Amino acid sequence: MSEAAIRFIADAAIVLDRLGDRAAVAAIRAEVDRLAGGAATVVVAGERGSGKSALINAMLGRPGLLPAEGGTAVHLLVRHSAHPYAMIRTMAEPDGRAVPLDALADVAEATEIEVGLPDPLLRGLCLIDTPGTGGLDGGHSAITLATLGRADALLFVTRADSELTASELRFLAGAAERISTVAFVLTHTDRYPDWELVLDRNRRVLAAHAPHHAGAAWFPVGSRAAADAVTATGKRAARLRASAGIDPLTAALTARVGARARAIRMGNALAVTARAVHRHLGDTPPAPAVDPALLAERGRTLEKDQRLQLKRQMLALREDLLGLSRSADHQLIDRLPGEVAQRVHGLWLEQENWLRERIAELAEPVALELPGHLRALSPPSRSARPGGVLETVLPALGLGSFAAGAAGALAVGFLAPAAVGAGTILVLYERRRRTQETRLAQQDAVRYVNQVLAQVEVEFPVAAQEALRSSLDRLRALSAPTAGTAPVASAQVRGELSALSARFASVSASLAEPQGRPR
Ligand SMILES: Nc1nc2c(ncn2[C@@H]2O[C@H](COP(=O)(O)OP(=O)(O)OP(=O)(O)O)[C@@H](O)[C@H]2O)c(=O)[nH]1
Ligand SMILES: [Mg+2]
């Protein structure tokens with residue numbers, strides 16, 4: 001399937017280049033680049049100590065890569081790279097700094113960690129390890145939930161020694177609103193021989209309390225056994241490997257999630273190419289027509305919605321953070337700046353998700369102008385919510401980078417306010433914390449939070465509005481009638497274009513065939 005699609009894209013690019021259509025060739029290049037770098041994003045989430053980091057180590061066959069003792073404090077991304085590397089970002093170094101791969105346990109100050117490895121599994125999948133949810137770490141689960149908005153799949157990790165808890169179910173309910181592809185991993189099967197009973201009970205709990213996830217696949221794994229298999233030899237190694245249950249998990253992820261993400265990206269590349277071919281054949285409208293007045297009107301509504309939505313978000317953040325600092329014990333006060341940063345970051349991500357979806361809705365009329373055979377190309381929606389134009393149609397409109405998550409102004413450093421606040425008030429409550437004056441330390445914590453919030457409340461809406469405006473501008477430019485029509489092709493080139501168009505029909509038909517259910 002993809003062989004034929006790639007040949008079609010390459011042949012079309014040659015003809016379009018001969019026609020001098022630089023814009024089309026550049027657009028195709030961009031989509032093909034996305035194809036090459038296009039691993040599906042899998043978020044690994046679950047309660048503290050459920051075995052997320054150990055699971056990723058087991059999947060990569062590298063025990064000890066991610067620190068599995070002491071807990072994961074920040075989001076950690078593992079992606080494919082020809083040369084192994086590790087990089088951390090800190091408040092002071094938002095652009096990142098290289099660290100040795102074996103020193104990941106010692107980077108307490110990191111706000112984000114990225115690891116690159118030449119592992120074949122990572123060609124199709126990019127894994128995100130997350131800090132454990134549950135307990136007081138509302139910030140962590142907010143940011144993890146927000147991350148799901150742009151991920152391709154969630155691996156939910158839970159231990160084999162007890163059934164799903166109320167707090168796990170709460171997280172899963174939030175997840176169901178954001179992502180449709182969810183698989184469950186039951187860890188510690190090498191330690192608890194009764195894991196099958198727990199697995200059974202968990203299935204029943206989901207059926208009763210989280211029906212949305214009832215049909216999801218479960219993978220029982222023993223990460224310790226997988227780690228032992230790495231150092232064992234001969235039959236013992238094979239036996240440990242088989243009992244660890246890691247291979248079925250990675251195979252399923254690669255086949256279902258990785259392949260589907262590739263199909264979506266291939267669909268985008270094909271759509272962009274075919275659109276250019278058909279434009280030269282004169283059988284697409286010269287420009288997708290959206291009434292500029294309608295676009296302006298809907299843009300204004302969107303700005304109003306955004307203002308309201310931001311106000312609501314700010315109020316919730318204020319309540320959340322002030323509540324947290326008023327009731328904070330010493331331990332939490334220690335972690336407060338990190339918590340604040342996490343929650344503000346979570347808010348940024350939510351805002352970006354919101355914006356991407358609204359823009360996708362706005363772009364839909366443009367998308368509907370695409371010829372039927374292009375629309376049919378749209379692969380199954382990856383979003384839990386209806387629509388699904390995000391990853392599928394936006395790139396075909398030239399908004400690919402937008403859909404890919406580079407939402408321009410929203411990428412502004414969200415950590416700035418927390419870092420600034422930390423410098424001043426923090427010093428104060430640091431001193432009181434040491435003298436054990438909890439109540440005074442709490443008051444300082446409240447002042448600190450107020451100071452950070454004051455800054456966030458000014459900066460956040462400005463950046464969010466800018467992002468919305470620039471997205472609207474791009475959409476307006478896209479739906480404006482293009483100056484001039486496509487250059488007229490010679491009879492010979494027209495023949496080639498027609499042949500390409502015929503090939504496209506069969507390539508797109510094979511791509512639109514069902515890829516298997518992603519559950
Ligand atoms: N025997 C056994 N031990 C495991 C397994 N998975 C994890 N562990 C151990 O359980 C402890 C917690 O594992 P982690 O991988 O750090 O758990 P986590 O979910 O990443 O924890 P946080 O980052 O704090 O949320 C570590 O001591 C692991 O070695 C497993 O499948 N079998
Ligand atoms: Mg961890």
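The values are calculated or read from the model by the stated rules, or taken from the named source; none is laboratory data. Small disclaimer: the values here were computed from a predicted structure and weren't measured. Please note: Cβ atoms are built from the backbone with ideal geometry, for glycine as well, and neighbour counts cover all protein chains shown.
Give the residue, chosen from V78, V99, that is assigned by TED's automatic domain parsing to the domain that holds T133 and either buried (at least 21 other Cβ atoms within 10 Å of the Cβ) or within 16 Å of ligand 1 (Cβ to nearest atom) (or both).
Working: V99 fails: either buried (at least 21 other Cβ atoms within 10 Å of the Cβ) or within 16 Å of ligand 1 (Cβ to nearest atom) (or both).
So the residue among V78, V99 that is assigned by TED's automatic domain parsing to the domain that holds T133 and either buried (at least 21 other Cβ atoms within 10 Å of the Cβ) or within 16 Å of ligand 1 (Cβ to nearest atom) (or both) is V78.
Each residue in the stretch 206-215 was checked for being assigned to a helix (DSSP H, G or I) and out of contact with any strand residue (DSSP E or B) (no Cβ under 9 Å at 6 or more places or on another chain), and 4 pass.
Residues being at pLDDT below 80, within 16 Å of ligand 1 (Cβ to nearest atom) and either small (G, A, S) or crowded, with 18+ Cβ neighbours inside 10 Å (or both) are entirely absent from the stretch 112-132. Is it the case that the stretch 326-342 has a residue that's surrounded by fewer than 19 Cβ atoms within 10 Å (Cβ to Cβ), under 15 Å from E457 (Cα atoms), modelled with pLDDT of 70 or more and among the aliphatic types (A, V, I, L, M)? No, the stretch 326-342 contains no residue that is surrounded by fewer than 19 Cβ atoms within 10 Å (Cβ to Cβ), under 15 Å from E457 (Cα atoms), modelled with pLDDT of 70 or more and among the aliphatic types (A, V, I, L, M).
Consider V198 carefully, then state whether it is part of a helix (DSSP H, G or I) and either closer than 15 Å to S50 by Cα or within 16 Å of ligand 2 (Cβ to nearest atom) (or both).
Details: part of a helix (DSSP H, G or I): yes; either closer than 15 Å to S50 by Cα or within 16 Å of ligand 2 (Cβ to nearest atom) (or both): yes.
Yes.
Looking for something at pLDDT 85 or above, more than 30 Å from L55 (Cβ to Cβ), surrounded by 15 or more Cβ atoms within 10 Å (Cβ to Cβ) and of a type in the set (S, T, N, Q) - is there at least one such residue anywhere in the stretch 271-278? No, there is no match, as no residue in the stretch 271-278 is at pLDDT 85 or above, more than 30 Å from L55 (Cβ to Cβ), surrounded by 15 or more Cβ atoms within 10 Å (Cβ to Cβ) and of a type in the set (S, T, N, Q). Answer yes or no: is there a residue in the stretch 79-89 that is within 22 Å of the chain's Cα centre (by Cα), at pLDDT 90 or above and within 13 Å of ligand 2 (Cβ to nearest atom). Looking through the stretch 79-89, none of the residues is within 22 Å of the chain's Cα centre (by Cα), at pLDDT 90 or above and within 13 Å of ligand 2 (Cβ to nearest atom).
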